[in-house]
Structures are given as structure tokens and as C-alpha cells.
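Following: one structure in C-alpha cells, then a few remarks.
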Amino acid sequence: MKRLLKWSLLVLSALLLIVVIAACVHIYGKRVQRSGNLVLTGLQAEVTVQYDERGVPHIEAKNEADLYRALGYVHAQDRLFQMEMVRRLAKGELAEILGSKLLDTDRLFRTLGLRKHAADYAARLEKNSAAVKALNAYLDGINQYQATHAVPLEFELLGIPRRPFTAEDTVAVSGYMAYSFAAAFRSEPVLTQIRDKLGADYLRIFDFSWHPEGVIKPLQLSAMDWDRMNRIATTSQQVMEEFGLPQFEGSNAWVVAGKNTASGKPLLAGDPHIAYSAPAVWYEAHLKMPGFELYGHHQALNPFALLGHNQNFGWTLTMFQNDDVDFIAEKINPQNPNQVWIKGQWVDMQSREEIIKVKGAEAVKLQLRTSPHGPIISDAFRLAWGEDMTVKPIAMWWAFLETENPVLDAFYELNRAGTKDIAAHAASNIHAPGLNVVWANAQGDIAWWAAAKLVKRPTDMNPAFILDGSTAEADKPGFTDFADNPHEVNPARGFIVSANQQPLPSADFAIPGYYNLNERARRLEALLSQPGIKWDTKNSQALQLENKTDYVAQILPIILPVLRKQITDADGKRLLEQLEKWDGSYQANSIAPTIFSQLLYQIIYAAMADEVGEVQFKNLLRTRALDYALPRLLADAKSPWWDNRATPVVETREDILALAWRDSIAHLQKTFGTDSKQWIWGKAHTMTHKHPLSQQKPLDKIFNIGPFEVAGGRELPNNLASAIGPAPWDVVYGPSTRRLIDFGDASKALGINPVGQSGVLFDAHYNDQAAGFAAGTYVPQYLSEKDVVGHTKSVLVLRGK
């Protein structure tokens, strides 16, 4: 018996070993090949790819087609699954591989019209233009890699079929990027509901114009109408938060003229703020051919760098945050539900059917409509055709769908923009989404352009609310001239800061938008204005990692006097003292940011949740409008928000602040323990880079990267931001890279990737930069031939067939 048991154990061990070996061999077959020789059909000459210690490819080709074909190939090696996921998200095809839990997401993106728009746009592309030729070569490189190699592990786990990537996919993904900027999905429904259901007194804290004479009137939306809009806002946010797909949230950028730098040449700094994911959003690549060289940061399915530099020039981007989306409530014809009232007459809507494939379930048919104002966004969650025609159609006017938007040409040109005139022309071709282009060159020029096609709107309307499509307030008379967009070139002060603040217009017209708090920009401007400092890449690192905000100084002076009167216990007084001594710095070892962040949430919850309800309260927490409203709310002791509608008594500001303090301390004790010394910010505030498969346990333990304890916080220069909410706080978005380029010698540029170059699990570069990024370190971005050769770890040679 013992011998049988022994042999059984040996057999089982052998079988287990065979399974492990087979798994290792299988995974090894999916490795990224960074050395040796490979055939790439269509190459006209040999291309060399030198990989440095971070896995960054330094690609050298003899011509442009070969350069971009090779880029597509090596990009696909590292990021093929990311490419697949972003095109499926943009085109509404996630449920096909992830099942019914993604059906709402697909419904939303099909309704946005990105799929149809991308097909129409791609069909109009000028095939012989340089940009389109480069795009097609890049896509061919991707498709050749996909056709000749084992699919990524994620393809096997999800059963994803191979399909060629097309120009239509690239356009659709650019639409997703534009969509991710659109704060209107979160802001306009909740603000309209506050206006129409609660009234002028409740709206005042948001500082929007209120017209009691009826210029802005309630829209008479039904409970079902509001349910649709709430569902759209919730779905819009949920996919980015839960499935590791990057969303654009803000950014920092500044450029300093040579008179204020140690080198005497301009210094460019940038850190676009994007939701964290695994893999990271940017793919770094150094491209070189006769007459062209660029170290660039690329996004999936885009051959042109959205951030880049060489020895002569460079640029970075921030989000403009201009309002390029309007929601419009249509008046429907009671005799014909496919007609809406526009400019004094009934006008037919167009309709189309789309079919969503759902893994493990029946396919879903969507009947979608488009009015002259745009796609009927509320159709995303309609019942079967004709079942709920009483629901008011809500159209979406979106600049991305309404402009020519030659964005491929724009970035092809920006990748070659060595002079301010070329850079300005490239920026003028960026119509949507709105972007701030911050640029410099080695000749000493610095510049910024707010790049967007800015729509004209009627004077007596406010686009922060859902508009009435039966009136003139929804009209769009045209667009302004790019020359009138906000911009600066070589300002006398010697620097330019762009941090998503509302820009000063260059012409006499309003630019509504969802701008971030001014504190981040003010903090950066104050530090850059210090006399006697010569900026270089070393002290600029400290600026990018600055953890202090003046927003705290707007809040604490209002609430501290109230709390001092109400807190009588020794522990409470000691904790209150932490806030009194705090300077607004979100350091990892500090306790005050933890107390403040929890208290801020509890104040907002106690004051506002009872009025707006659970769903809209969550949406409100994600709006920029709340950041501006909170100081005004706290300063107004008579605001109606202070009364809790769920109680028979009328609460005061003092009552709500006392309740918020008690609830804050109770929550922190429950979450971190009764010893308040353990409530340090780094433990409460952590960063995890989530993979799209992380929702399927236990795959999160395999694919996710983190958590890391981090300093920084929301709306600081070091904008490692979490959503307003109860502790603990997961960092949702922040610097997607930190770049510093001194044009005294741009070959010594510094940067960092939040996780690593590769999206291939178990690859050496899957997460090799994650710990350094969390700690605030920088790595060199090699540009000179000497540095590239000196740091080459492997060489891949691509030859034609």
C-alpha cells in the first residue's frame, strides 16, 4: 500500500511537472523578440531596432514607409492586447469577449456613433497623403506581427479572434480619446437636475447664471428621462474605473524661456494626467531616418507621437477642457415619434440598426436615431422599438462628430514642427478634442496654443445645462477662427503654464468649459516666478513632484472656527490641531491629509446626498463644478443645502459640520484602527495599475501592478488623484509620464513610464519602472547615437522579403 501511494505521488508530481513545463514553454512562445533577424514583408531596406535597458526601441530606417512599418511591428509585439481592447471599447464590441456585464458600455459607445463616424471618416482619407501612407505602413506592421506570431495570453483566456487592424480602428480610438475628455456626461445631467428640481437657491453655489424670467426654463423631463441620463453618466464613468482602460483627466505643462534657465535654452516640462492602467497608455519609441528623428510617446494604433522631442524642438499636451459637447432635449411630434421640432417645423430623424454580439447570450439589436442636433444619446438604453416613445429624446451635439478634424495630418506635421509657424499650423488642424499644445525649440522660441474648433453659441444660453432643442438656445451658428483662440508666443515673463485652468481669451468671446481648479496653475506659476532661480532638469523634478495646494487654505479657515467650538474631547482636539498646523502638503508620512480628505467627503455627503439622491450624488462627486462649489457652500451659512431633508428639524451649517467630523473620525477608526498615528497618507492613499482582466478574480493578483503607497493628491502639481469619497483612496489618475527636456542638450532628456514598456505578462519590462515611478524617480531618454549605442541591450534586424 505504501509503495502504491509512493508511486501515485511520484506520478502526480511528474504530471504536475509536465503541466508546469508545458505552461512555461507555452508562455515562452509568447515572448517579445528583441534580438536576431526577422522578415517583414514590404520593407525596401534593412531596419535596425536597438533596445535599451527599459525596452525602448530605437528604430533606424532608410525611408518613411519602412520606419512606420517597423514601428507598427514592434509596437504590436509589446501592446497587441491593448490595441485590441481600445478598438473594441471605441467601437462597442467588448461584450463579444467579456459578456453581458459590458453590454451597457457597448450600448453607450454604439449610440455615440464612433463606429459609423470612423467608417465614414476612413473612407474619405486621402490615400496619397504622407500621413495616410505612414498610417497604412504602421497598420501593416501590426497586422504582419499578429498574423505570424502566437496571440497574447489574454486572447486565449477571452477567446478573442484575430482580425486585421484598419484605419477605421485608428479613427475610432481617436474618438474614444475625445470622448474621455467630455466632462459633460458627468456634469450636465446632475446640474440640470439641481436647477429643475431644487431651484435657484441650490444652484447659487455653482455660480451659474439663473434667469427667473424664464430664459432658462425647466425642461419637464420625466422620471424615466432622468433614469436614462443617470444610467448614461454612470456607464460613462464605470468602464474607465473598472476595466483598466485609460481616461484623460487633466495635465500639467510648462515651458521656460532661456533667460530663466541654467542652460540659456528653453526647458519643456509635461505630465499629462490619465487614468492608470496596465499596460500604461504611452509607448515610447525613438524613430530615425534621413531628414527625420523623434523620440516620441505613442498611443495604441496611432503611428504619430502625441508627445515628442528631438535635439531641435519638442512639445507636450494638456487638456483644453473646453465644452465641446451639448446635451439637447428634443421636442417630439406626438403624431410621429420620428420627428422633432426644430426652427419652427417638424424634422425627420435618421435611424439605423446596430447589432451587439454578447458572449454566452443572444445578440442585442439597437435601434438608434439621429436628429439634426446629433445622435439621440438616450437611445442607448431604450426598450424595444416603439415601446417607450413617451421618453423625451436627448441628443448629443459633439464637435468631434461635427468638424473636419484632420487630426492625422495635425500630428504628422507636429512630429516635424521645428518652427513656431509650423507648430501653429499643426495645432490649427486639431479640432476635437481640445488640446493645449505647449512647444519650444532650441532656437529659443516658446509657445502655447489652445487647439480646438471653438463653437459659437447663442448669447443667452448656458451650455452647462441640458438645452431645449425646440428653441434657439441649441443652435450652433458656426465656429470661431483659430487665430482668435487663446495662445502665447515668447511672452515677456519668460514662461508659460498650462494646467487645465480656464485660459484668458485672445478675442472677445466666452469659452465655456469644465476647467480644473486654478490652484494647480497658480502654484506652478508662483514657483516659476521666484526671482533668481535658473531652472534645469534637477530643480524641475521637484516642481513636478510638488505636493502642496492652496485649496486647503480656502476650506480650513471656514470650518476650523466652527469645529473648535464643538470638539471638546482630548483626542478630538489633538486631531483638530493636526489640521490647524497643516500647510496643505500631501506628504506620504502626514496624517492631516487623511483627516482632511475624509472630512471633505463627509461634509459633501451630509450636505448634498439627501437632495440629489444616490446616483446623482456619485456623479456630482466626479464633476469639476463641485470643486468650485464647495468653498462657496462652506462660506454660506444660510445655504439650503445644510438642511437634511430626511429629518423633521432644520439643520444648520454647524450641525452638518459637527456630524461630518463625528462620521469622519468613526470611519477612520473603523478603517485604520483607533491609533490615529497609523492614519498616515501613504497607507490610506495607494496606486494600483489595473489590467482589463482584473475584474475576474484571481487574475487581478497576476495582471495588476501594485499597490504602491504614494504622496501627492487631487489637484496638486503631483496630481496623483483619487475620487472624492471615503477612505481608503485608490489613485485613479495622475501623471502618465513625467518628461523634462532642456534644449541646452535635449539628448539628456528625462522621463518615466508608470509601469513599463511592455504589456506582455512576465516580460522583463512589464512592470520594471512601477516602483521607481511611485517613488518619483526619473530615467534618461536616449537620443544621441553615442547614448543609444552605449545603452543597447539587444538588436533586432528587420529585413524585407
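The values are calculated or read from the model by the stated rules, or taken from the named source; none is laboratory data. Just so we're clear, the structure is a prediction, and the values are computed from it rather than from any experiment. Using ideal geometry, Cβ is built from the backbone for each residue, glycine included, and neighbour counts are taken over all protein chains shown.
Working only within the stretch 641-654, note down all residues that are outside any loop (DSSP other than H, G, I, E, B) and surrounded by fewer than 18 Cβ atoms within 10 Å (Cβ to Cβ). Quick ask: steps written out before the conclusion?
Going through the stretch 641-654, the residues outside any loop (DSSP other than H, G, I, E, B) turn out to be 641-642, 653-654.
If the condition is that a residue be outside any loop (DSSP other than H, G, I, E, B) and surrounded by fewer than 18 Cβ atoms within 10 Å (Cβ to Cβ), then Glu654 is the only one that fits.
Examine the stretch 164-182 for a residue that is under 26 Å from the mean Cα position of the chain (by Cα) and over 20 Å from Gln82 (Cα atoms), and state whether such a residue exists.
Here is the first cut: in the stretch 164-182, the residues under 26 Å from the mean Cα position of the chain (by Cα) are 165-182.
Within this subset, residues satisfying the condition of being over 20 Å from Gln82 (Cα atoms) are 182.
Yes - at least one qualifying residue is present in the stretch 164-182.
Looking at (1) out of contact with any Gly (no Cβ under 8 Å at 6 or more places or on another chain); (2) at negative phi; (3) aromatic (Phe, Trp, Tyr), which one does Phe762 not meet, given that it meets all the others?
(2)
What number of residues within the stretch 329-357 satisfy the criterion of being surrounded by 18 or more Cβ atoms within 10 Å (Cβ to Cβ), within 30 Å of the chain's Cα centre (by Cα) and modelled with pLDDT of 95 or more?
Adding up the residues that qualify gives 1.
Quick one: which residue in Ala723, Ala727, Ala711, Ala684 is touching a residue at least 60 places away in the same chain (Cβ under 8 Å), touching a strand residue (DSSP E or B) at 6+ places or on another chain (Cβ under 7 Å) and hydrophobic (A, V, I, L, M, F, W, C)?
Numbers: Ala723 fails: touching a strand residue (DSSP E or B) at 6+ places or on another chain (Cβ under 7 Å); Ala727 fails: touching a strand residue (DSSP E or B) at 6+ places or on another chain (Cβ under 7 Å); Ala711 fails: touching a strand residue (DSSP E or B) at 6+ places or on another chain (Cβ under 7 Å).
Checking each option against the conditions leaves just Ala684.
Just to be sure before I move on: is Ser180 in contact with a strand residue (DSSP E or B) (Cβ under 9 Å, 6 or more places away or on another chain) and in contact (Cβ under 8 Å) with a residue 60 or more places away in the chain in the structure I sent? Show your work before the answer.
On the way: in contact with a strand residue (DSSP E or B) (Cβ under 9 Å, 6 or more places away or on another chain): yes; in contact (Cβ under 8 Å) with a residue 60 or more places away in the chain: yes.
Yes.
Among the numbered conditions (1) within 30 Å of Leu89 (Cα to Cα); (2) modelled with pLDDT of 95 or more, tell me where Gly682 comes up short.
Only one criterion is unmet by Gly682, namely (1).
Looking only at the stretch 655-697, count every residue that is in a loop (DSSP other than H, G, I, E, B) and either at positive phi or acidic (Asp, Glu) (or both) and tell me the total. Reasoning before the result, please.
Filtering the stretch 655-697 for residues in a loop (DSSP other than H, G, I, E, B) gives 673-675, 679-680, 690-697.
Adding the requirement that they be either at positive phi or acidic (Asp, Glu) (or both) leaves 673, 675.
Adding up the residues that qualify gives 2.
Of everything in the stretch 752-778, what is closer than 23 Å to Leu543 by Cβ and surrounded by fewer than 17 Cβ atoms within 10 Å (Cβ to Cβ)? Give them in sequence order. Step through it out loud before you land on a result.
First pass over the stretch 752-778, keeping only residues closer than 23 Å to Leu543 by Cβ: 752-754, 769-778.
Result: Ala771, Gly772, Ala775, Thr777.
Output the residue which, of all residues in the stretch 111-133 that are at pLDDT 95 or above and surrounded by 22 or more Cβ atoms within 10 Å (Cβ to Cβ), is nearest to Glu353 (Cα to Cα).
Ranking the qualifying residues of the stretch 111-133, first place goes to Ala118.
Filter the stretch 475-507 down to residues that are on the phi > 0 side of the Ramachandran plot, part of a loop (DSSP other than H, G, I, E, B) and free of Cβ contacts under 8 Å to residues at least 60 places away in the same chain, then give me how many there are.
Total meeting the criteria: 0.
Against the condition of a type in the set (Asp, Glu), without any contact (Cβ under 8 Å) to a residue 12 or more places away in the chain and under 30 Å from Thr370 (Cβ atoms), how does Glu126 come out, does it pass? Step through it out loud before you land on a result.
Working: of a type in the set (Asp, Glu): yes; without any contact (Cβ under 8 Å) to a residue 12 or more places away in the chain: yes; under 30 Å from Thr370 (Cβ atoms): yes.
Against the criterion (of a type in the set (Asp, Glu), without any contact (Cβ under 8 Å) to a residue 12 or more places away in the chain and under 30 Å from Thr370 (Cβ atoms)), Glu126 qualifies.
Since Ser676 meets every condition but one in (1) surrounded by fewer than 14 Cβ atoms within 10 Å (Cβ to Cβ); (2) more than 30 Å from Arg79 (Cα to Cα), which condition does it not meet?
Exception for Ser676: condition (1).
Assess whether Glu413 counts as being surrounded by fewer than 24 Cβ atoms within 10 Å (Cβ to Cβ) and at pLDDT 95 or above. Quick ask: steps written out before the conclusion?
Working: surrounded by fewer than 24 Cβ atoms within 10 Å (Cβ to Cβ): yes; at pLDDT 95 or above: yes.
When the stated conditions are applied, Glu413 passes them.
Tally time: how many residues in the stretch 41-64 are within 31 Å of the chain's Cα centre (by Cα) and among the hydrophobic types (A, V, I, L, M, F, W, C)?
3
Looking at Ala542, Ala510, which is the one that is part of a loop (DSSP other than H, G, I, E, B) and without any contact (Cβ under 8 Å) to a residue 12 or more places away in the chain?
On the way: Ala542 fails: part of a loop (DSSP other than H, G, I, E, B).
Criteria check complete, one pass: Ala510.
How many of the residues in the stretch 308-322 are crowded, with 24+ Cβ neighbours inside 10 Å and in a strand (DSSP E or B)?
Taking the stretch 308-322 and keeping what is crowded, with 24+ Cβ neighbours inside 10 Å, we get 308-310, 313-316, 318-322.
Then drop every residue that is not in a strand (DSSP E or B), which leaves 308-309, 313-316, 318-319, 322.
So the answer is 9.
Please verify whether the stretch 569-582 includes one or more residues that are under 28 Å from Asp207 (Cβ atoms), modelled with pLDDT under 95 and not in a helix (DSSP H, G or I). Working first, answer last.
To start, the set of residues in the stretch 569-582 that are under 28 Å from Asp207 (Cβ atoms) comprises 579, 582.
Those still in the list that are modelled with pLDDT under 95 too: none.
The answer is no; no qualifying residue exists.
Residue under question is Ala184, and the condition is that it be small (Gly, Ala, Ser) and surrounded by fewer than 18 Cβ atoms within 10 Å (Cβ to Cβ); does it hold?
Values: small (Gly, Ala, Ser): yes; surrounded by fewer than 18 Cβ atoms within 10 Å (Cβ to Cβ): no.
No, not satisfied.
Would you confirm, using the coordinates I've provided, whether Ala90 is closer than 26 Å to Tyr179 by Cβ, touching a Phe, Trp or Tyr at 6+ places or on another chain (Cβ under 8 Å) and at pLDDT 95 or above?
Working: closer than 26 Å to Tyr179 by Cβ: yes; touching a Phe, Trp or Tyr at 6+ places or on another chain (Cβ under 8 Å): yes; at pLDDT 95 or above: no.
So Ala90 does not fit the description; no.
Failed condition for Gln237, given (1) modelled with pLDDT under 80; (2) closer than 25 Å to Leu89 by Cα; (3) touching an Asp or Glu at 6+ places or on another chain (Cβ under 7 Å), with all others met?
Of (1) modelled with pLDDT under 80; (2) closer than 25 Å to Leu89 by Cα; (3) touching an Asp or Glu at 6+ places or on another chain (Cβ under 7 Å), only one is false for Gln237: (3).
Of all residues in the stretch 597-625, which are over 17 Å from Tyr202 (Cβ atoms), assigned to a helix (DSSP H, G or I) and under 26 Å from the mean Cα position of the chain (by Cα)?
Step one: filter the stretch 597-625 for residues over 17 Å from Tyr202 (Cβ atoms), giving 597-602, 614-615, 618, 622, 624.
Then keep just the ones that are assigned to a helix (DSSP H, G or I); that gives 597-602, 614-615, 618, 624.
Matches in the stretch 597-625: Ser597, Gln598, Leu600, Tyr601, Glu614, Val615, Lys618, Arg624.
Just give me the residues in the stretch 367-381 being in a strand (DSSP E or B) and buried (at least 19 other Cβ atoms within 10 Å of the Cβ), in sequence order.
Hits for the stretch 367-381 are Leu368, Arg369, Thr370, Ser371, Gly374, Pro375, Ile376.
Okay, residues lined up against (1) modelled with pLDDT of 90 or more; (2) surrounded by fewer than 18 Cβ atoms within 10 Å (Cβ to Cβ); (3) closer than 30 Å to Leu191 by Cα:
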{"residue": "Thr459", "(1), (2), (3)": "no, yes, yes"}
{"residue": "Ile511", "(1), (2), (3)": "yes, no, yes"}
{"residue": "Arg520", "(1), (2), (3)": "yes, no, yes"}
{"residue": "Gly532", "(1), (2), (3)": "yes, yes, no"}
{"residue": "Asn547", "(1), (2), (3)": "yes, no, no"}
